[in-house]
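First the structure, in the form of structure tokens, and then the observations on it.
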Amino acid sequence: MSVAGRVVALRGPVVDVQFDPKDEMPALHELIDTQSYEGQSIILEVMEHLEHQVARCVSITSNWDLQRGAAAKSTGAPSMVPVGKEIFGRVIDVLGRPIDGRGPLTASQWVPIRRPMATLEINTSRSRLYKPEVFETGMKAIDLLFPLVKGSRAGILGGAALGKSLMTLELIHNVTERHGGACVFAGVGERIREGNELCHELARRKILDRVALVFGQMDESPGARFEAVLAGVTMAEEIQAQGKDVLFFVDSAFRFVQAGAELSTLMGRIPSETGYQPTLYSEVGEFQERIRPRRGGSITALEAIFMPGDDPTDPAVVALFSYLDTIMVLSRTRFQQGLYPAIDPALSSSTSLDPDVVGLRHYDVAQEVLRAFRHYEDLRRIVSVVGIEELSLEDRRIFERARKLHNFLSQPFFTAELYTGRPGVYVSVTATVDGARRILEGEFDHRPDSDFYMIGSVDELK
């Protein structure tokens, strides 16, 4: 039932709407429709109920030119997004409106983006409910050291300009190209240029029709940016409910937290000691806990997470990565050395690197590689002072093999071909594990480490 009211206060994206005392107040998260002075529709969402029949709302669309005294009307419905096969290949905003210039979206079903948490099924036995299934990504560093498992959550953490978005795009390309299936992408605080490039690259690679995209862009209100994640996870849940496996990508989850902090401050909530909203952990949990396998289907999430000042101890970053099964931290040092993807093995980890998941052979090789990298870091400090000639024969052998492994785990991306002129490569898990093993065993000790830079399989060496 719609109820009429009037705008009584404006504070940036926060709008207070007063309703008649005789009428019922709109429910929390219900949408309110009002208009600017020039007649443009403005959508608000109810966030709080105040005294004197006042609903404190957040604008989802731009509230430019809105005035006090403007008439407002409740829609009787919460924020909803379209679901179904019609959403694939389309780009929508958080209200489900197409923004790709390809005409109207004729979806037969719309669902609310907020919903009660499904009943948690607790496994009281020590046995697994299902056999873990590893996703082969074709990216050597990920497949060898930080494997992705169906139904898990993985995060790419890094500061500005370290390749988070490019890695996300490469994973979308490789996984959808090889495995097919459904994919949902939530662009949270995306620059318009980046979103445009993403859509064109997916179209160029002929995989756009397998992906549903929802954007809350950088120039939009914090309300839209905050709800882009919820809209995306809702679309993924509906695909999962059909018994399908879905890949859910978020870029960037940090912008979701940032939008929540903006809204919290504007709504007058006292921030925490670190400057973030007091509801930080509950807001992060609201969407992270919805990403979990259910009987018949799964959601596998990959989240790009910006680290302010390259600081992994930032409270927002900590709140996000505490939910992750796989953490891939990008290193500025490795990026400057041209080692792409610039994943730092010392700071990254994966709960899926387990012999029961990847197999004993894979696990043993991965552990040997990690040991070699740790030893390399110790030796690198010595070499920088006294030179490699002062190392023992055994230490020099470990040092040189570790450098070969660092270079071997780099590779050219398909999605960067236009910029680098170097064709991308996809390397199977078997070839990656075999190549790392052969380097560790000394088969290529006679070769310089530069031979291993940006190659695919070691079989390419002649």
For the stretch 240-249, does any single residue satisfy the condition of being surrounded by 21 or more Cβ atoms within 10 Å (Cβ to Cβ) and part of a helix (DSSP H, G or I)?
-> yes
Every listed condition ((1) under 20 Å from residue 229 (Cα atoms); (2) surrounded by 11 or more Cβ atoms within 10 Å (Cβ to Cβ); (3) of a type outside the set (S, T, N, Q); (4) at pLDDT below 95) holds for residue 76 save (1)
Residue list for the stretch 61-73, restricted to those being over 12 Å from residue 7 (Cα atoms) and surrounded by 20 or more Cβ atoms within 10 Å (Cβ to Cβ) = 61
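Can you tell me which of 58, 81, 46 is surrounded by 18 or more Cβ atoms within 10 Å (Cβ to Cβ), over 30 Å from residue 22 (Cβ atoms), modelled with pLDDT of 95 or more and touching a strand residue (DSSP E or B) at 6+ places or on another chain (Cβ under 8 Å)?
81 is the lone residue from the list that is surrounded by 18 or more Cβ atoms within 10 Å (Cβ to Cβ), over 30 Å from residue 22 (Cβ atoms), modelled with pLDDT of 95 or more and touching a strand residue (DSSP E or B) at 6+ places or on another chain (Cβ under 8 Å).
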In the stretch 335-343, is there at least one residue being part of a loop (DSSP other than H, G, I, E, B), under 15 Å from residue 155 (Cα atoms), assigned by TED's automatic domain parsing to the domain that holds residue 155 and aliphatic (A, V, I, L, M)?
-> yes
Scan of the stretch 207-235 for residues that are within 14 Å of residue 96 (Cα to Cα) and in a helix (DSSP H, G or I), ordered by number = 224, 225, 227, 228, 229, 230, 231, 232, 233, 234, 235
Entirely in the stretch 370-462, the helices (runs of 4 or more DSSP H) that have 3 or more residues that are touching a residue at least 12 places away in the same chain (Cβ under 8 Å) = 393-408, 429-440
So, in the stretch 85-102, of the ones that are within 22 Å of the chain's Cα centre (by Cα) and closer than 16 Å to residue 210 by Cα, which residue ends up surrounded by the fewest Cβ atoms within 10 Å (Cβ to Cβ)?
-> 100
Give the residues of the stretch 178-193 that are free of Cβ contacts under 8 Å to residues at least 40 places away in the same chain and of a type outside the set (Gly, Ala, Ser), sorted by residue number.
-> 191, 192, 193
If we ask which residues in the stretch 250-262 are within 20 Å of residue 156 (Cα to Cα), more than 14 Å from the chain's Cα centre (by Cα) and of a type in the set (A, V, I, L, M), their number turns out to be 1
Sort out which residues of the stretch 263-286 are surrounded by fewer than 20 Cβ atoms within 10 Å (Cβ to Cβ), part of a helix (DSSP H, G or I), in contact (Cβ under 8 Å) with a residue 40 or more places away in the chain and over 20 Å from the mean Cα position of the chain (by Cα), and write them in order of number.
-> 266
When only residues in the stretch 129-153 that are within 18 Å of the chain's Cα centre (by Cα) and closer than 15 Å to residue 299 by Cβ count, which is surrounded by the fewest Cβ atoms within 10 Å (Cβ to Cβ)?
-> 150
Scope the stretch 291-318; condition more than 14 Å from the chain's Cα centre (by Cα) and under 18 Å from residue 152 (Cβ atoms); matching residues | 292, 293, 294, 295, 296, 297, 298
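Yes or no, residue by residue, for (1) at pLDDT below 95; (2) of a type in the set (Phe, Trp, Tyr); (3) under 15 Å from residue 187 (Cβ atoms):
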{"site": "219", "(1), (2), (3)": "yes, no, yes"}
{"site": "233", "(1), (2), (3)": "no, no, yes"}
{"site": "237", "(1), (2), (3)": "yes, no, no"}
{"site": "244", "(1), (2), (3)": "yes, no, no"}
Of the residues in the stretch 166-207, those that are on the phi > 0 side of the Ramachandran plot and either touching a Lys or Arg at 6+ places or on another chain (Cβ under 9 Å) or among the polar types (S, T, N, Q) (or both) come to 180, 181, 189
Going by the conditions given, is residue 62 touching a residue at least 60 places away in the same chain (Cβ under 8 Å), under 21 Å from residue 261 (Cα atoms) and either assigned to a loop (DSSP other than H, G, I, E, B) or touching a Ser or Thr at 6+ places or on another chain (Cβ under 7 Å) (or both)?
-> yes
Qualifying residue in the stretch 207-216 (condition: at pLDDT below 90 and not small (Gly, Ala, Ser)) | yes
Taking the options 198, 202, name whichever one is without any contact (Cβ under 8 Å) to a residue 60 or more places away in the chain, within 29 Å of residue 413 (Cα to Cα) and out of contact with any strand residue (DSSP E or B) (no Cβ under 7 Å at 6 or more places or on another chain).
-> 198
Assess whether residue 447 counts as being outside the structural domain of residue 137 (by TED's automatic domain parsing), in contact with a Pro (Cβ under 7 Å, 6 or more places away or on another chain), of a type in the set (Lys, Arg) and surrounded by fewer than 16 Cβ atoms within 10 Å (Cβ to Cβ).
-> no
Please work out if residue 414 is closer than 20 Å to residue 145 by Cα, surrounded by 14 or more Cβ atoms within 10 Å (Cβ to Cβ) and in the same structural domain as residue 446 (by TED's automatic domain parsing).
-> no
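The values are calculated or read from the model by the stated rules, or taken from the named source; none is laboratory data. Please read all numbers here as calculations on a predicted model, not as lab measurements. As a convention, Cβ positions derive from the backbone with ideal geometry for all residues, glycine included, and neighbour counts pool all protein chains shown.
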